[in-house]
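The structure appears below as structure tokens.
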Amino acid sequence: MAVAESKSKKTESRDIAARAVEQVKDLMERPIEAVTGIEKDGDEWTVTLEVLELERVPSTTDVIGKYEVTLDKDGEMTGLQRTRRFPRAESGEV
């Protein structure tokens, strides 16, 4: 039973992340670079995405925006907020 429940939660998380990507991509019309986080709090989900905001040459100077997307239990977006903006070469993570 625990294995089936774990797979169900994993599938649910994956579906929520996919819904976040789909809705943000449709809204912003920009490429989504990565899903960098997902968290559930009650009936609400928060998904963190990195979005290519400005494409430059060389690509190390591209501008990436980090966004927090909130979704309800049905996967509908209820909020979107940019939390950070940075050049690709300066991700700030080691």
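The values are calculated or read from the model by the stated rules, or taken from the named source; none is laboratory data. Model, not experiment: these values are computed from the prediction. Neighbour counts are summed over all protein chains in view; Cβ atoms, including those assigned to glycine, are modelled from backbone coordinates with ideal geometry.
For the stretch 18-39, the candidate set comprises residues that are within 12 Å of V69 (Cα to Cα) and of a type in the set (K, R); within that set, the residue that is surrounded by the fewest Cβ atoms within 10 Å (Cβ to Cβ) is K25.
Scan the stretch 63-91 residue by residue and report those that are more than 12 Å from E50 (Cα to Cα) and of a type outside the set (S, T, Y).
Result: L71, D72, K73, D74, G75, E76, M77, G79, L80, A89, E90.
Residues in the stretch 38-74 that are out of contact with any helix residue (DSSP H, G or I) (no Cβ under 7 Å at 6 or more places or on another chain), modelled with pLDDT of 95 or more and of a type in the set (A, V, I, L, M): L52, L54, V63. Pairs meeting the criteria (first residue in the stretch 27-46 and within 16 Å of T83 (Cβ to Cβ), second residue hydroxyl-bearing (S, T, Y) and part of a strand (DSSP E or B), beta carbons under 6 Å, at least 6 apart or on different chains) are T36/T48; G37/T48; E39/T46; T46/T70.
Residues of the stretch 48-79 that are surrounded by 12 or more Cβ atoms within 10 Å (Cβ to Cβ) and in contact with a Leu (Cβ under 7 Å, 6 or more places away or on another chain): D62, V63, I64, Y67, V69, M77.
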